[in-house]
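A short reminder: the numbers here are calculations on the coordinates, not readings from a lab. Note that this is a predicted model, so its numbers are computed, not measured. Cβ atoms come from the backbone with ideal geometry, glycine included; neighbour counts cover every protein chain shown.
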Amino acid sequence: MSNDELREHLVKALEEMKKKALDMKIQGVGVAAILNKDESVDWIGEMKVVETAFNFKEGWNLIAIAWSKCGEAMATGADSGDPEHEKILGECGFVGGAYEEYEGYKMAFAFSGALSEKDLEVAKHGIAFMKNDPSWIG
C-alpha cells in the first residue's frame, strides 16, 4: 500500500470521526496517524477540524492537545492518558488518544474537544472504521 493510498483512507476515517462527533453533539479536532507495514519511523498523519480548532473561552488549543494525545499513543503503543505512564516532554497525559496494531500497521487516532471519555470514543470510532474497511490493507 502506498503512503498516498493510506493517506486517502485516513482522510475517510477522519470524515467518519467528524460524523460521529457531530452525532454526539461535540466539536473539536480529530487526528489520525498510521505507520505503513514494514516501516519503522515514517508515520503518515492527517487532521480534521470539527466546527472549531480552539476553545478560547477556556484557553484550549485543541490542535495541540489532539496531536499530543496521538503522539503519546504512538510512543507508548497504548491509549493515551495511562496514569502509570511517565510523561515525557510534549505529552499532556490526556485521555482521548487510541492506539491499535492491525494487519501489520500501527494506528494512532485522537480527538480533542469534549470530555476525555467522549474524545476516546470518537478516536476509537476512527480505528474501527479503518478495520471495517479492508480495502486499504496492502
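Longer than 26 Å from Cα to Cα, which of 57/106; 25/48; 37/124; 18/106; 20/131 are they? Say none if no pair is.
As for pairs spanning more than 26 Å Cα to Cα, those are 57/106.
For region 13-68, just say rounded, prolate or oblate: build the C-alpha gyration tensor, square-root its eigenvalues into a ≥ b ≥ c, call rounded for a/c under 1.5, and beyond that prolate if a/b exceeds b/c, oblate if not. Could you put the intermediate results ahead of the total?
Details: a/c = 4.05, a/b = 1.66, b/c = 2.44.
Oblate is the answer for region 13-68, as a/c is 1.5 or above yet b/c matches or exceeds a/b.
Taking +1 at the Cβ of each Lys and Arg and -1 at the Cβ of each Asp and Glu, which of 59, 13, 127 sits farthest along the dipole of the chain towards its positive end, judged by Cα position relative to the Cα centre?
Projecting each Cα onto the dipole axis, the largest value belongs to 59.
On a full-extension model of 0.36 nm per residue, what is the gain between residue 60 and residue 2, subtracting their alpha-carbon distance, rounded to one decimal in nm? Write down the numbers at each step before the final one.
Details: separation 58, 0.36 × 58 = 20.88 nm, distance 3.51 nm.
Full extension of this stretch gives 17.4 nm more.
When all C-alpha to C-alpha distances in region 3-136 are sorted into bins of 10 Å, what percent of pairs does each bin hold, rounded to whole numbers?
14, 48, 32, 6, 0
Pick out which of 118, 20, 87 has the largest mean-square fluctuation in a Gaussian network model of the chain, springs linking Cα atoms closer than 10 Å.
Per the Cα network of the chain with a 10 Å cutoff, 87 tops the list.
Where nothing but the Cβ of Lys and Arg (+1) and of Asp and Glu (-1) is charged, how large is the charge dipole of the chain around its Cα centre, in debye to the nearest 20?
500 debye
Label region 66-138 by shape, choosing from rounded, prolate and oblate, from the square roots a ≥ b ≥ c of the eigenvalues of the Cα gyration tensor; if a/c is under 1.5 it is rounded, and otherwise prolate applies when a/b is larger than b/c, oblate when it is not.
Because a/c hits 1.5 or more and a/b fails to exceed b/c, region 66-138 counts as oblate.
To the nearest 20 debye, what charge dipole does region 6-61 have about its Cα centre, counting +1 at the Cβ of each Lys and Arg and -1 at the Cβ of each Asp and Glu? Spell out each step's value before the answer.
Numbers: 9 positive and 10 negative charges, 58 e Å.
Here the size comes out at about 280 debye.
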